[in-house]
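S.K.: The structure's right below; bear with me while I get my questions together.
The values are calculated or read from the model by the stated rules, or taken from the named source; none is laboratory data. As the structure is a prediction and not an experimental result, all values here were calculated from the model. Reconstructed Cβ throughout: ideal geometry from the backbone, glycine too, with neighbour counts over all protein chains shown. Surface accessibility is based on the protein's heavy atoms, side chains included, excluding ligands, DNA and RNA. Shrake-Rupley method; radii C 1.70, N 1.55, O 1.52, S 1.80 Å.
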Amino acid sequence: MPASATPPTPPPPGAGSVAAPASAPKKNKAGRDLRAAVLAALVLGGLVLVSLFVRKELFVVLATTASVIGTQELLRVMPSGHFRPSWAPTLVAAAVIPVAAYVMGPSAMLAALVGSVLVFILWGALANKDAADTAAAAFIALYVPALVSFAMMLLHAPDGVSRIIVFILVTISSDIGGYAAGVMFGKHPMAPTVSPKKSWEGFAGSWASCVVVGVLSVTLVLHAPFWVGILLGSAVVVAATAGDLCESMIKRDLGIKDMSNLIPGHGGLMDRLDSLVLAAPVTWAVLTAFAA
């Protein structure tokens, strides 16, 4: 190189590469902020425990509030599928049905549900609603407050707090066991068009976790035979998985990712309750029949 030549200017540090955003939150394989998800789950779990051990009627208030919020989330997203159920009677049903179940039991819950559907029909007729809108309101009432009501009936038993604890422990263990097994071993999709990340390996992990936690919680908390825990765990894993797939189908058909952005790392409240709402009637049926 001639002596008069100017040496090339070195590129600034980092030129030619794209810097990763410094504040981007770490996400898990499901694409969520794992830290926020864990923190939100701990807060929600703490609220449930406080309500159960301070006064169980507080849990009724908490669960009824969850029923109303979950119903509101579904009402808000239904127009994405061209359904427009009436808000007022559906929200009233979301509050009335669980309280009726806790105060007066299964017959009152059924009466409140049937009465709500009759109100939806009359309200829809007077408001010029389509039949599909009325059917959507009836579906929401069955999917959220009616299923939440089974948790209320679990709580109504003399050892209701213990039954709710068993119900929550077994159902949550399904999510934890399925997530761990799915991340480590998941290769065979269970329902690829509905929930691509859910695998048969994850389902096996959910079942193993549910059975172990079911046996431990049923024998130690309810003092029932171990086989009741096996039966409960096996039934709950099917119900929890069905609940997860059910909500995934609803969101797919409506063209949405989450029900809302209420809970950091989770989405909407129904995104967190999807497995719990279907596990509640199964838990109530098993424990009522075999752990009375």
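S.K.: If you build the Cα gyration tensor of the range 120-269 and take the root of 5 times each eigenvalue, what three semi-axes come out, in whole angstrom, biggest first?
M.R.: Equivalent-ellipsoid dimensions as semi-axes: 31, 23, 12 Å.
S.K.: Using the Kirkwood formula over every pair of different C-alpha atoms, what hydrodynamic radius in Å results for the chain?
M.R.: So the Kirkwood estimate lands at 20.9 Å.
S.K.: Could you go through the range 242-254 in sequence order and give the Karplus-derived ³J(HN,Hα) for each residue, using 6.51 cos²θ - 1.76 cosθ + 1.60 with θ = phi - 60°, rounded to whole Hz, and x for Gly and Pro?
M.R.: Ordered by residue, 3J(HN,Hα) equals 4, x, 5, 5, 4, 5, 4, 5, 4, 5, 5, 5, 8 Hz.
S.K.: Any idea which of Ala235, Leu287, Phe203 is furthest toward the positive side of the dipole for the range 135-292, if Lys and Arg beta-carbons carry +1 and Asp and Glu beta-carbons -1?
M.R.: Of the listed residues, the answer is Phe203.
S.K.: Quantify, in whole percent, the carbon and sulfur part of the accessible surface of the chain (1.4 Å probe; protein heavy atoms only).
M.R.: Of all accessible area on the chain, carbon and sulfur atoms account for 72 percent.
S.K.: If I model a spin label at Val61 and Ala289 as a point 7 Å from the Cα along the Cα→Cβ vector, what separation in nanometres do I get?
M.R.: So the label points at Val61 and Ala289 sit 3.6 nm apart.
S.K.: Hey, another quick one. Could you go through the range 202-218 in sequence order and give the Karplus-derived ³J(HN,Hα) for each residue, using 6.51 cos²θ - 1.76 cosθ + 1.60 with θ = phi - 60°, rounded to whole Hz, and x for Gly and Pro?
M.R.: For the range 202-218, the Karplus curve yields x, 4, 5, x, 4, 4, 4, 5, 5, 5, 4, 5, x, 5, 5, 6, 5 Hz.
S.K.: Same structure again: Name the residues whose placed amide hydrogens come within less than 5 Å of the amide hydrogen of Lys198, ignoring near sequence neighbours (fewer than 5 apart) on the same chain.
M.R.: Those qualifying (amide H under 5 Å, at least 5 residues apart or on another chain) are Met190, Ala191.
S.K.: How big is the shadow of the Cα convex hull of the range 239-292, averaged over all directions, in nm²?
M.R.: 4.2
S.K.: Here's another thing I want to ask about it. Using a 1.4 angstrom probe, figure out how much accessible area the chain has per residue, in square angstrom, rounded to the nearest whole.
M.R.: Value for the chain: 52 Å² per residue.
S.K.: Between the range 73-152 and the range 192-245, what is the separation of their alpha carbon centroids in Å?
M.R.: Taking the Cα centre of each part, the range 73-152 and the range 192-245 sit 29 Å apart.
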